[in-house]
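Nothing in this text is a laboratory measurement; each read-out follows from the coordinates by a stated rule. Since we're looking at a predicted model, the values are computed, not measured. Positions of Cβ are backbone-derived with ideal geometry, glycine not excepted, and every protein chain shown enters the neighbour counts.
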Amino acid sequence: MQVVTTIEGLKAELRKLRVEGKSIGLVPTMGALHAGHASLVRRSVAENGATAVSVFVNPTQFNDKNDLQHYPRTLGADCKLLETLGADLVFAPAPEEVYPEPDTRRFSYPPIDTVMEGAHRPGHFNGVCQIVSKLFLWVEPDNAYFGEKDFQQIAVVRAMVNDLRLPVTICPCPIVREESGLALSSRNALLTPAEKVTAANIFRVLKDSQTFAAGHTVAETHDYVVNSLNAISGLEVEYYQIVDDTTLQPVDSWTAASGIVGCITVYCGSQPVRLIDNIRYR
Ligand code: PAF
């Protein structure tokens with residue numbers, strides 16, 4: 001496995017792989033890798049001749065300086081894990097390599113990127129599109145792998161790929177959960193053991209809401225989730241939205257769309273950690 005930190009080095013390694021006729025799978029990450037990332041890398045290794053993994057905490061997608069500063073960074077451990085998973089190439093650039101100049105490009109895909117995360121984290125998806133478009137242009141992957149925990153991110157990346165006509169297939173991968181049900185996230189490393197137990201209620205309530213939904217309206221199901229979670233000490237729901245899985249617009253009845261997903265963001269703990277998750281109703 002090669003670890004490169006420059007775009008030149010990245011392109012040189014990719015050229016060697018392409019000369020061997022290998023298709024390229026890309027797994028974009030911000031590091032602090034866990035079993036969720038491992039599942040993306042395993043799938044890429046199974047489906048491509050070679051797998052490249054980017055490890056870069058992208059400053060332009062953080063709208064909160066404190067969040068960026070505290071984001072876990074564990075490059076040494078990440079590389080060890082990636083080696084065991086069979087990744088071929090790791091791209092771990094410094095911010096100056098990626099953004100020698102401020103990126104002034106603006107990406108906007110309303111209404112997909114204006115709701116939920118888009119509404120609560122201004123500029124977040126613009127930053128995601130800035131980094132992912134650069135990675136796609138530099139790596140030119142055949143396939144790119146993203147976890148469904150970031151449900152809205154996948155929709156926004158797809159919109160960007162369509163917009164820029166990039167020749168890459170976006171491969172969504174299922175959420176990986178701890179035994180408790182807590183969705184794996186690099187941010188879980190910021191939770192105390194007790195907070196992790198509390199955070200497991202997020203999925204428990206979402207799961208219960210699938211049963212609840214069978215006999216109740218969308219609005220009642222929304223309130224059930226929000227009220228149940230806010231009643232638990234240490235949890236505070238930022239938003240819960242039950243949406244059409246393609247347009248990401250809120251639905252008001254269970255027959256309003258063929259695919260319906262509930263997307264949630266919850267703050268957990270005394271130094272609040274922002275956790276996201278989602279559940280499918282249809
Ligand atoms: O999902 C993430 O970890 C990030 O948003 C991504 C796609 C690696 C871009 O920085």
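Quick notes
- Helix axis angle, 151-164 relative to the chain longest principal axis, alpha carbon, degrees: 50
- Relative contact order computed over segment 113-226 (Cα-Cα under 8 Å; 6+ residues apart), in percent: 18
- Long-range HN-HN contacts of residue 184 with modeled amide H, under 5 Å: 176, 177, 178
- Taken over segment 198-282, the percentage of Cα pairs per 5 Å bin, counting from 0 up to the bin with the maximum distance, is 3, 16, 29, 24, 15, 9, 3, 1.
- Packing-based ranking, highest mean first, of 207-220, 155-168, 78-91 given that Cβ atoms within 10 Å are counted: 78-91, 155-168, 207-220
- Computed on the Cα atoms alone, the convex hull of the chain gives a volume of 128 cubic angstrom per residue.
- Near residue 51, the amide H atoms lying under 5 Å from its own belong to 25, 88, 89; only residues 5 or more places off or on other chains count, and H is placed 1.01 Å from N.
- Sorting the segments 46-57, 1-12, 257-268 by their mean number of nearby beta carbons within 10 angstrom, highest to lowest, gives 46-57, 257-268, 1-12.
- Between helix 75-85 and the chain: long-axis angle, C-alpha atoms, 0 to 90°, nearest 10: 80
- In terms of other Cβ atoms within 10 Å, 42, 106 run from fewest to most in the order 106, 42.
- Relative contact order of the chain, defined on C-alpha pairs under 8 angstrom at six or more residues apart (%): 17
- With both labels modelled 7 Å from their Cα along Cα-to-Cβ, the residue 106 to residue 217 distance reads 3.9 nm.
- Packing-based ranking, highest mean first, of 132-144, 172-184 given that Cβ atoms within 10 Å are counted: 132-144, 172-184
- Theoretical ellipticity at 222 nm over the chain - DSSP helices of four or more residues, -39500 (n - 2.57) apiece, nearest 500: -12500 deg cm²/dmol
- Neighbour-count order for 233, 185, 228, fewest beta carbons within 10 angstrom listed first: 233, 228, 185
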